[in-house]
Every structure is written in C-alpha cells, then in structure tokens.
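Below is one structure, written out as structure tokens; comments come after it.
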Amino acid sequence: MKTYWEILKKYHKYLILSPILVIGFVFCETAQPTLMALIVDEGVMKRDLDTVVKIGSVMVVLSLIAITFSISNLYCASRTAVGFSTGLRKKMFERIQEFSFGDIDSFSTASLITRMTNDTTILQQILQRSMMLLYRAPLMMILAFVFVIRIDVHIALLIGLALPVLAISIGLLLKKGFPLFILVQQKLDNLNNVVRENLINIRVVKSFVREDFEREKFNRSSEDLRDTFIRALNVMITVMPVMQLVMNGLIIAILWFGGIEGLQIGELISLVNYSTQILMALMLVSMTIMMFARASASSKRILEVLHKEPSISDSKPAVTHHYKIKRGHIEFRNVSFKYKPESENFVLKNLSFEIPVDENVAVVGATGSAKTTMLQLIPRLYDVTEGEILIDGINIKEYTLKEVRENIGMVLQKNELFSGTILSNLKWGDENASFEEIVEAARVAEAHNFIMSFPDQYDTLLGQGGVNLSGGQKQRICIARALLKKPKVLILDNSTSAVDTATEQKIRQNLKDLTDTTVLIVTQRFSTMQDADRIIILDDGRIEAIGTSEELMETSEIYREIYHSQQMVMEQ
C-alpha cells in the first residue's frame with residue numbers, strides 16, 4: 001500500500017470528500033422507504049392530499065440531494081482513479097527504463113505491456129468502484145437495518161437470519177471464482193505475446209506463407225482466453241439466481257409475518273424496500289470483492305515490476321567521485337560472464353586484453369562465440385560476473401551509468417529507428433546538435449547522399465521502425481546517430497552487414513580519420529578485418545587469438561579458415 005499511497009496522496013482531498021458524499025447519499029436513500037410508508041399510511045389510506053404533497057415534496061428534495069451527492073462522488077472517484085492509473089503507469093515506465101537487459105529478460109515484453117495497460121486499468125476500475133460502493137454498501141446495510149428494527153424487531157431478526165445464508169452462498173461462489181480471474185490475466189499475457197510476436201515478424205510470416213499457422217495460433221490463444229473468462233463470468237452469473245431466490249423468499253416471509261403481526265400496508269412496503277436495499281448492498285459488496293480478486297492478481301504483477309530493483313545501478317564510488325571518461329582506453333581483466341547467477345556455464349571465460357585510444361579493433365568469431373555479449377558489457381548493458389572492465393584505468397562500475405553510456409556510442413545488431421523524421425532520429429545522438437554537426441555525422445556514415453535524394457531530405461518521415469528505408473540505409477542512419485554523440489568509444493555490432501562493400505570501405509576510412517575515438521567492430525567481412533589495427537578472435541567465449549591481420553595469418557587457424565572461406569566465396 002505504501003507504493004500506491006505515494007501516488008494516491010496527491011488526491012487526498014477527494015479521498016476525504018468521497019466518504020462524506022457517500023454518507024449523505026445513503027442517508028437520503030434509506031430515508032425514502034420510511035417516507036413512502038408515511039405517504040401510504042397517513043396520506044393515501046386516509047385520503048389526506050396535503051400529507052401526500054408535503055411528504056412527496058420532501059422525497060423529491062432528498063432525491064435531488066442524493067443525485068447531487070452521487071454525481072459529486074462520481075467526479076471524485078473518476079478523478080482519483082484516472083489520476084492514480086496515470087501515475088502508476090508513469091512509475092512503472094520509469095522503473096522499466098532503469099532495468100538492465102537482464103532485468104528486462106526476466107519479464108516478457110508482452111507481459112510488461114499487459115501490466116502497464118490492462119493491469120493498471122483494472123486497478124483504476126477497482127479504485128473507482130471502491131470509492132463509489134465500498135463505503136456505500138456496508139453503510140446502506142447498517143442504516144437500512146436500523147430502520148427495519150424501528151419498524152419491527154421480529155422482521156429485523158428474520159432478515160438477520162437470511163443474510164448469513166446469502167453471504168455464505170456468495171462466499172463459496174467467490175472462492176471458486178478467485179483463481180479463475182488470476183488465470184484470466186495469464187491467458188491475456190499469452191494472447192498479447194502471440195500478437196506482438198506476429199506483428200514484429202510479419203515479414204517472415206508472409207515470406208514463409210505461414211498466415212494460416214499464425215491465424216490458428218492466435219485463435220487458440222484467443223479462444224483459451226475466452227473460455228477462461230466465460231468460466232469466471234459463469235461464477236458471477238450464478239450469484240444472481242441465488243440472490244433472487246433469497247430475496248423472493250424474504251419478501252414472502254415479510255408479507256406473511258407482517259400480516260400476522262398486523263403491520264400497516266405502508267410499513268410492509270417500507271420493509272420490502274429495506275430488505276431489497278440490504279440484499280442489494282450485500283450483492284454490491286460481493287461484486288466488489290470479486291473485482292478485488294481480479295485486481296489482486298493485477299496488483300501483484302504490477303508490484304513485481306515496481307519492487308524489482310535494477311540489477312545495474314550507480315555505485316557509491318560513482319556517485320561520490322563523478323569520474324569523467326576523457327580518452328577511451330579499454331581494458332578487460334579476467335572477465336567472465338553468465339546471464340543468470342544460478343547458471344553453471346559461463347558465456348564468456350577469463351577474457352584479458354587492452355585496447356589503446358584511437359585503435360580500430362575488429363572482433364571476430366563464429367556464430368554463438370559471444371562477440372555481442374562481450375561488447376554489451378562495456379556500456380554496462382550487462383554487468384560482468386567475474387573480473388573487471390576498465391576505461392582510462394578506472395573500473396566502469398565507478399563511473400555513473402550516464403557517464404559511461406554518454407561516452408560510448410553503440411550500434412546494435414538490430415537497427416531500431418523511431419517514428420518521426422530522419423532528423424529527429426539522428427538527434428537521438430545529441431538533441432542539441434546543430435544542423436552542420438548532423439550533416440557531418442551523416443557524411444562520415446555515408447548517409448548524407450541518400451538522405452538528400454529524398455524529396456523532404458532530412459525531414460523525410462519514417463514509418464514505424466524505418467520500414468520505408470532499406471536495411472543498409474537504416475544501418476547508416478544508426479551509425480550517424482551514434483557518431484553524433486562524439487563518443488570516446490564506438491561499438492559497431494555487425495552494423496554494416498547490409499551495406500555494399502564499396503560503401504563499407506568508405507565508412508571504414510571515415511572512421512579511421514576520427515580522432516580520440518576507440519572503435520570496436522564486430523564483422524564477418526575479411527576486408528574489414530584486414531583494415532583493423534588489431535583483431536580479437538573469440539571461440540566459444542574465450543579469446544583464441546589477438547593480433548594484426550599479418551600476425552594472425554601465421555598463428556591462428558581460425559583466422560586462416562575465415563580467409564580461405566571468403567576467398568572461395570569470391571571465386572564462385
């Protein structure tokens with residue numbers, strides 16, 4: 001509750017006002033059957049029109065006051081609930097931004113989306129419903145019961161005996177419904193995951209003509225959610241016949257025993273109305289409890305995100321010393337890494353090497369040799385399990401995350417662009433960069449010419465993910481975006497794989513002309529390896545060899561295999 005109260009306290013005036021409005025509304029509502037009894041017994045039965053008009057006028061005024069209270073409380077509840085869900089989503093989004101890659105891996109993306117949308121909406125609904133009904137239902141039960149006692153103690157005892165029967169019946173049904181609503185949220189997660197995976201990989205689906213397979217997979221997941229939700233709704237629907245049976249039986253009993261005791265017609269009418277109010281209030285309580293069951297599952301999933309401490313954060317030395325990266329000298333000292341602490345096998349094993357400032361280094365290895373993983377350790381997208389990484393002689397954990405990541409430009413294997421213009425995407429590198437600086441970065445990445453070929457040039461609108469660009473164009477824009485940061489360390493992870501050989505050679509030459517920037521390139525192209533100052537060859541998470549192209553041709557069997565395989569491809 002402490003987590004939620006941090007958001008709710010902004011709306012404390014509505015939380016205080018809401019019960020007051022509910023009390024006023026309930027008093028007006030519960031007074032109506034008594035006034036109706038007076039109209040019938042003192043006005044209608046005695047044919048006293050003045051009494052009918054006077055008491056009727058009071059009932060109309062009370063109704064108008066009740067409506068005013070109800071509308072005011074609806075505003076308070078809606079304002080609080082919508083504000084709460086907005087604040088909760090913001091808090092969750094901010095926490096997710098703090099997560100490392102490993103933290104995000106512990107949740108599925110589809111699940112995180114569901115938690116931020118559907119789960120927060122459910123909490124919004126339960127908060128709004130609670131402010132409108134949670135006080136109202138019990139208070140109405142109590143006041144209505146007090147009025148019944150004033151009219152006839154024996155009838156009150158009869159109603160008192162009926163309430164536990166109904167409460168137990170509803171309780172048993174709700175107990176059966178709780179697990180089903182928890183299961184509904186899990187099924188919704190599965191459905192969102194299917195949809196997300198399909199939309200992301202829609203080109204693959206169409207290329208392999210797998211629309212029917214995907215349609216069937218979606219239908220299975222959708223029908224599974226439907227069936228589970230129907231099972232949960234069936235429990236709620238069962239409550240209504242039980243409620244109706246008890247209510248009808250109680251009305252018959254009231255009329256029977258009331259007639260025996262000689263109660264007036266107006267008193268019998270008011271007793272029936274009060275019993276209906278009491279049972280309806282109990283029904284509202286049960287429905288609210290049902291919503292709480294579903295909301296408790298959503299709350300648990302939301303709190304899992306909010307209470308998840310980021311595994312990578314600023315250390316005390318980093319916050320205290322505020323070290324600055326000035327050069328970009330990289331050193332790995334006995335670095336080992338595994339994705340999960342409980343895993344037995346290390347992905348990277350005992351890596352030790354140094355990369356001087358301004359050096360261009362190619363990182364080479366077979367698929368699965370952990371090249372990308374090694375490079376992701378440098379900007380602390382993951383943290384080393386053993387050993388340490390130093391930049392300019394200082395452990396990267398002693399720099400703030402902002403300092404490390406602002407000085408490291410990284411172009412990932414998967415080139416992600418955002419909806420907007422080419423210019424807005426480039427400005428991700430530096431939002432305050434001048435247009436001249438942006439053009440210069442685009443020139444180095446060999447992107448300027450093709451950007452200028454578009455009718456709107458740098459103001460060209462990109463579709464989602466840059467779908468209206470070729471793979472090579474997206475790569476070059478991503479490289480320009482990283483260069484705009486003026487990084488001390490530039491990491492290119494297979495980021496020219498979709499670029500033709502001639503353009504890649506120009507990019508390599510442009511990068512060599514950069515000063516004060518250490519460049520690491522993951523590549524499969526032999527020409528890029530030859531151009532590098534040094535080459536690091538990884539094999540199954542270990543360093544197989546380090547050296548220049550000439551040195552490795554003499555000492556590394558893996559490097560010679562790479563050379564011969566590419567020669568064969570070129571000859572073919």
Inset, instruction - Scan region 456-503 for residues that are more than 21 Å from L423 (Cβ to Cβ), at pLDDT 85 or above and not basic (K, R) and report the count. - result: 6
Legend entry - Condition broken by L64, with the remaining ones in (1) touching an Asp or Glu at 6+ places or on another chain (Cβ under 8 Å); (2) within 30 Å of M131 (Cβ to Cβ) satisfied: (1)
Legend entry - Index of the failed condition, I55 passing every other in (1) within 23 Å of S296 (Cβ to Cβ); (2) open to solvent by 20 Å² or more (accessible area, probe 1.4 Å); (3) touching an Asp or Glu at 6+ places or on another chain (Cβ under 9 Å): (1)
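Residues are listed down the side, and each one gets a yes or a no for (1) touching a residue at least 24 places away in the same chain (Cβ under 8 Å); (2) among the aliphatic types (A, V, I, L, M); (3) outside any helix (DSSP H, G or I):
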{"site": "V22", "(1), (2), (3)": "yes, yes, no"}
{"site": "F25", "(1), (2), (3)": "yes, no, no"}
{"site": "C28", "(1), (2), (3)": "yes, no, no"}
{"site": "M36", "(1), (2), (3)": "yes, yes, no"}
{"site": "V40", "(1), (2), (3)": "yes, yes, no"}
{"site": "R47", "(1), (2), (3)": "no, no, yes"}
{"site": "T51", "(1), (2), (3)": "no, no, no"}
Inset, instruction - Please find, among E309, E331, the residue that is within 30 Å of Q125 (Cβ to Cβ), out of contact with any His (no Cβ under 9 Å at 6 or more places or on another chain) and charged (D, E, K, R). - result: E309
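Out of curiosity, is T238 touching a helix residue (DSSP H, G or I) at 6+ places or on another chain (Cβ under 6 Å) and touching a residue at least 60 places away in the same chain (Cβ under 8 Å)? So that I can check it myself, show each step before the final result.
Numbers: touching a helix residue (DSSP H, G or I) at 6+ places or on another chain (Cβ under 6 Å): yes; touching a residue at least 60 places away in the same chain (Cβ under 8 Å): yes.
So T238 passes the test.
Name the residue, out of R481, R542, R508, that is open to solvent by 10 Å² or more (accessible area, probe 1.4 Å) and farther than 28 Å from S424 by Cβ.
Just a single option satisfies the conditions, and that option is R542.
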Inset, instruction - May I ask you to list the residues in region 485-498 that are part of a loop (DSSP other than H, G, I, E, B) and closer than 23 Å to E437 by Cα? - result: K485, K486, P487, K488, S495, T496
Legend entry - Conditions (1) open to solvent by less than 80 Å² (accessible area, probe 1.4 Å); (2) within 29 Å of S18 (Cβ to Cβ): number failed by Y135: (1)
Inset, instruction - For region 77-108, enumerate the residues that are over 12 Å from V305 (Cα atoms) and modelled with pLDDT under 90. - result: S100, F101, G102, D105
Inset, instruction - Working carefully through the options R196, R231, find the one that is basic (K, R), touching a residue at least 40 places away in the same chain (Cβ under 8 Å), open to solvent by less than 90 Å² (accessible area, probe 1.4 Å) and part of a helix (DSSP H, G or I). - result: R196
Inset, instruction - Please note which helices (runs of 4 or more DSSP H) are completely contained in region 401-461 and include at least 2 residues that are open to solvent by less than 40 Å² (accessible area, probe 1.4 Å), aliphatic (A, V, I, L, M) and in contact (Cβ under 8 Å) with a residue 24 or more places away in the chain. - result: 401-406, 422-426, 435-444
Legend entry - Only one of F213, F218 that is at pLDDT 80 or above, open to solvent by 70 Å² or more (accessible area, probe 1.4 Å) and touching a helix residue (DSSP H, G or I) at 6+ places or on another chain (Cβ under 6 Å): F218
Inset, instruction - Mind listing whichever residues of region 175-210 are more than 21 Å from A110 (Cα to Cα) and in contact with a helix residue (DSSP H, G or I) (Cβ under 6 Å, 6 or more places away or on another chain)? - result: K176, G177, F178
Inset, instruction - Grab the strands (runs of 3 or more DSSP E) fully contained in region 266-370, keeping just those with 3 or more residues being touching a strand residue (DSSP E or B) at 6+ places or on another chain (Cβ under 7 Å) and open to solvent by 40 Å² or more (accessible area, probe 1.4 Å). - result: 348-355
Inset, instruction - Within region 557-572, track down each residue that is open to solvent by less than 60 Å² (accessible area, probe 1.4 Å), at pLDDT below 75 and of a type in the set (A, V, I, L, M, F, W, C). - result: I562
Legend entry - Any hit, region 463-473, residues being assigned to a helix (DSSP H, G or I), of a type in the set (S, T, Y) and open to solvent by 10 Å² or more (accessible area, probe 1.4 Å): no
Inset, instruction - Tell me, please, whether a residue that is of a type in the set (D, E), within 30 Å of I269 (Cβ to Cβ), open to solvent by 30 Å² or more (accessible area, probe 1.4 Å) and assigned to a helix (DSSP H, G or I) can be found in region 90-97. - result: no
Inset, instruction - Would you mention how many residues in region 305-362 are touching a residue at least 40 places away in the same chain (Cβ under 8 Å), within 31 Å of the chain's Cα centre (by Cα) and under 23 Å from E406 (Cα atoms)? - result: 8
Legend entry - So F101, is it aromatic (F, W, Y), more than 29 Å from M132 (Cβ to Cβ), open to solvent by less than 70 Å² (accessible area, probe 1.4 Å) and in contact (Cβ under 8 Å) with a residue 40 or more places away in the chain: yes
Inset, instruction - Sort out which residues of region 382-393 are touching a helix residue (DSSP H, G or I) at 6+ places or on another chain (Cβ under 9 Å) and open to solvent by 30 Å² or more (accessible area, probe 1.4 Å), and write them in order of number. - result: D383, E388
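The values are calculated or read from the model by the stated rules, or taken from the named source; none is laboratory data. What you see is a predicted model, and the numbers here were worked out from it, not measured in a lab. Every residue, glycine among them, receives a Cβ derived from its backbone with ideal geometry; neighbour counts consider all protein chains shown. Accessible surface is based on the protein model in full, side chains and every heavy atom, while ligands, DNA and RNA are left aside. Shrake-Rupley method; radii C 1.70, N 1.55, O 1.52, S 1.80 Å.
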